[in-house]
Each structure stands twice: as C-alpha cells, then as structure tokens.
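Below is one structure, written out as structure tokens, with a few remarks after it.
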Amino acid sequence: MTRDSESCPCGGHELRAVAEVGDWIHGIPGSPSVREWAARSATWTEGRCEVPREELRSRIKAAGGIACEYALEACASASGMPYLVNGVHRWAIANELKIMKVPVRMIYDTQDAASAWAL
C-alpha cells in the first residue's frame with residue numbers, strides 16, 4: 001500500500017477507491033474483508049449502525065457521496081496492510097450506489113498491531 005493516494009479537497013483525508021477499500025480487512029488483522037463483512041446480514045442488525053440503512057442511503061445519495069466530516073477511518077500497519085476501523089456501513093452504501101471514491105482518515109502505524117501488543 002502506498003501513501004501517495006489522492007488528497008481529499010478538504011486537505012484532511014485521502015480519497016480511496018471504493019473497490020480498493022472493499023478488499024481491506026475489517027477491524028483487526030485476521031478478520032474478513034470489508035466486502036465480506038458488509039455482505040453479512042448481521043451488519044444491518046438494529047443497533048449496529050447509528051442511522052437506519054435506508055436513511056443512511058438517502059443521506060449519502062443526496063450528498064453525492066460521503067462527506068468529509070463522515071470520512072471512513074482506517075489504519076495501515078507498518079507492513080502496509082490496510083484495515084478499516086470505522087465506516088463499514090458507509091462503505092457498503094457507497095459500494096451499492098456505485099460511488100467511485102470515498103474520503104478516508106488514514107493512520108499509518110509505525111509497528112504492526114500484533115507486535116504492539118506483544119508482552
């Protein structure tokens with residue numbers, strides 16, 4: 001994974017292809033991809049998303065995409081492996097609406113998560 005992604009017009013995020021984000025790991029290393037996680041029926045269980053699915057879809061569609069203040073949050077390990085920390089529901093709707101790019105607040109770790117927690 002490279003750090004030379006397209007900058008967001010707001011200057012505070014990176015713009016990433018929805019298809020690329022779908023291939024990232026959801027949560028922590030060893031978890032399924034964002035695409036696999038979003039396809040699970042439990043993803044849309046009441047209480048797992050702050051906004052009901054149809055309302056979220058309407059908001060994103062009306063805005064023409066995900067607004068910067070609702071950017072997805074992701075982390076890239078020192079080895080370059082990206083994983084989505086927050087935003088799987090927004091990603092799923094963007095994917096469904098065939099939106100090409102989404103804003104991502106990316107944090108680049110200096111060490112891998114597994115070694116960071118090693119005793």
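The values are calculated or read from the model by the stated rules, or taken from the named source; none is laboratory data. Treat the numbers as computed from the prediction; the structure is a model and nothing was measured. Cβ atoms come from the backbone with ideal geometry, glycine included; neighbour counts cover every protein chain shown. Ligands, DNA and RNA are excluded from the accessible area calculation, which covers all protein heavy atoms including side chains. Shrake-Rupley method; radii C 1.70, N 1.55, O 1.52, S 1.80 Å.
Points to keep in mind about this one:
- Residue in region 99-115 that is open to solvent by 50 Å² or more (accessible area, probe 1.4 Å) and touching a helix residue (DSSP H, G or I) at 6+ places or on another chain (Cβ under 8 Å) present: yes
- Filter pass, GLU14 being loosely packed, with under 12 Cβ neighbours inside 10 Å and on the phi < 0 side of the Ramachandran plot: no
- Within the option set CYS75, CYS10, being hydrophobic (A, V, I, L, M, F, W, C) and part of a strand (DSSP E or B) holds for one residue only, CYS75.
- Of all residues in region 57-78, those that are free of Cβ contacts under 8 Å to residues at least 24 places away in the same chain and at negative phi have Cβ atoms under 9 Å from Cβ atoms of residues that are surrounded by 15 or more Cβ atoms within 10 Å (Cβ to Cβ) and hydroxyl-bearing (Ser, Thr, Tyr), 6 or more apart or on another chain, in ARG59/TYR70; ALA63/TYR70.
- The set of residues in region 51-85 that are of a type outside the set (D, E, K, R), open to solvent by 30 Å² or more (accessible area, probe 1.4 Å) and closer than 20 Å to GLY11 by Cα comprises ALA63, GLY64, ALA67, CYS68, TYR70.
- Taking first residues from region 21-41 that are over 12 Å from ASN95 (Cα atoms) and part of a strand (DSSP E or B) and partners that are open to solvent by less than 40 Å² (accessible area, probe 1.4 Å) and among the small types (Gly, Ala, Ser), the Cβ contacts under 7 Å between residues at least 6 apart in sequence or on separate chains come to ILE25/SER31; ILE25/SER33; HIS26/SER33; SER33/GLY22.
- Taken together, the residues in region 78-94 that are part of a helix (DSSP H, G or I), of a type in the set (Val, Ile, Thr) and either more than 13 Å from the chain's Cα centre (by Cα) or closer than 16 Å to SER31 by Cβ (or both) amount to 1.
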